[in-house]
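One structure is given here, and the rest of the page talks about it.
Computed from the coordinates by the stated procedures, all read-outs in this text should not be read as laboratory data. The structure presented is a predicted model; accordingly, all values stated were derived computationally and were not measured. Note: ideal-geometry Cβ built from the backbone for every residue, glycine included; neighbour counts use all protein chains shown.
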C-alpha cells in the first residue's frame, strides 16, 4: 500500500479576502465581515483587525471596542459561494477525491495523483499558485499521511497577525510519517478534534494538558473518563493514528434557515410572518436540490438566550412551503412566545433525494386563522410549487412569493446567508 498523501487546503481570511477583491481600497485596513448591530457576531476579520484581538465568533460589540476603527461589512453569501465554487473547481483538477468542509476549506486525497502531478508538496504548491492566479486569493495547505494532521499542518502554515501587519507563514507545511507523532505530541490537548471545554475539564482531572500526556496514558483510563467511543478515538489521534478516508460529495444532513432579530418579536402576526419567510425559503432550497425531508424542527431563542427546539416527523417527505408552514405553525403553537423571540429558525432533516411522491387521498388541512382550517388538495400545492419554481427560475427570486411578505420595498424573502451573523444596524443609526 502506498503511503497516503492528504492535503488540507484552508483559504486565508476567506470572507474578508473576497470582499477585498471587489474593494481593493480597503487593503491594509482593519476589516470585519459580520453583523454590525448590537446582536451581531464576527464572521471573519482581516489580519489587521486580528492584531487588535478580534476573531471569528466574537460579538461585534466586543470587536468594536477592541478595534474602534474597524470597517464592518455585512457580508454577501452569494459572492462567497460563487468564489468557493471557483476554488473547488481548481481542486478537482488535481483529484476527484475532494471533501469540502465549508466554503473555504477542503480535504484532498492526492495519493493517486502523484504519478501525474508529482509529489504531494509540489501539488500543494501548485494549488496555491493556481488559486492565486485564477481567483486572486491566498490559501494555506497542510500535507500529511492523515486528515487530522493535515488540518493541523495547514494551521501552522497560515499567516499570523502582528501589530505591524500580517506575517506570512510558509504557505505549505509538510508533516512526513516520521515527524507525525512528535508534531502531534508538541500540541496542547485542546488541539485534538472533539476536545471541547467539557472534555478538557475531564482530561485535566487526569493530569492531561498536552497531547503527549494523553498519548502515554493507558487507553483504559481514557475510556473510563470519556466513554468508549470518544476515549478510544482521542487516544488514537493523540498517537497520530487516523485512518479516515477523504469522502467526496458528502450528502447534506439538513436544510434550514434561522435568524436573530434586531428587536425581540412579541406580536403573533410578526412571528408568523417570519415563520412564513423561513418555510418558503427552506422549501425552495429543498426543491432546488431535489430533496424532501421527513423531520421538521422549529428553533426559538428567548431574550435571556434560553434556546429550545420542537420537532415532528412525518411519514412522507415534504418539500412544499405550505406543508412545512403547517408543521412549523403546529410546533410553534406548543412554545410559549410571550417572553419574546430573539431568534427563530426552521430546519428540515431526514433528507432523501427526490422521486415519485405518494399523493394522499382526500384533503390536507391548512390553517388560515385561529381555530379554522381550509382543506386544500395535496396535489394542488405540488402543482403550485412547480409553477413558483418555474417563475423564479425565469424571472428571478423576487418575481413571486407569499403575499404576507410584500412591503413597500417589494417582497421580503429570506435568502441563504441573510443575517447569518446577526442583524445589522440601520444605515441611519450611529455606533
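So the values come out like this:
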item	result
Principal semi-axes in Å for the range 113-237 [√(5λ), Cα gyration tensor, largest first]	33, 18, 11
Convex hull volume of the range 150-224 per residue (C-alpha atoms, cubic angstrom)	115 Å³
Rg to Rh, two decimals, where the chain supplies the alpha carbon set and Rh follows Kirkwood	1.00
Over the chain: helical MRE at 222 nm, DSSP H runs n ≥ 4 each giving -39500 (n - 2.57), nearest 500	-11000 deg cm²/dmol
Net lengthening on full extension, residue 288/residue 57 (0.36 nm per residue, minus Cα-Cα)	80.2 nm
Fewest-first sequence of 11, 88 by Cβ atoms within 10 Å of each Cβ	88, 11
For peptides 35-47, 311-323, sequence by mean Cβ density within 10 Å, most packed first	35-47, 311-323
Net length gained if the chain between residue 102 and residue 338 were fully extended (0.36 nm per residue, minus Cα distance)	81.3 nm
Inter-site label distance for residue 125 and residue 236 at 7 Å from Cα along Cβ, in nm	3.4 nm
With Cα atoms, 0 to 90° folded angle of helix 147-156 axis to the chain main axis	80 degrees
Mean Cβ count within 10 Å, highest first, over the residues of peptides 72-78, 128-134	72-78, 128-134
By average C-beta atoms within 10 angstrom, highest first, the peptides 150-157, 244-251	150-157, 244-251
Quotient of Cα Rg and 2.2 N^0.38 Å for the range 182-238, N being how many residues it contains	0.95
Label-to-label distance, nm, for residues given as residue 216 and residue 352 (7 Å Cα→Cβ offset)	5.4 nm
0 to 90° range, to nearest 10: angle between helix 77-92 axis and the chain longest Cα axis	40 degrees
Fewest-first sequence of 299, 202, 160, 147 by Cβ atoms within 10 Å of each Cβ	160, 202, 299, 147
Fraction of antiparallel bridges per DSSP, the chain only, in percent to nearest 5	90 percent
Label-point separation in nm, residue 201 to residue 266, each point 7 Å along Cα→Cβ	3.6 nm
Kirkwood-based Rg to Rh ratio, the range 26-98, C-alpha trace	1.12
Stokes-Einstein diffusion coefficient of the range 259-322, Kirkwood radius over Cα pairs, 37 °C, 0.692 mPa s, in µm²/s	248 µm²/s
Surface/4 of the Cα convex hull for the range 178-303, nm²	12.4 nm²
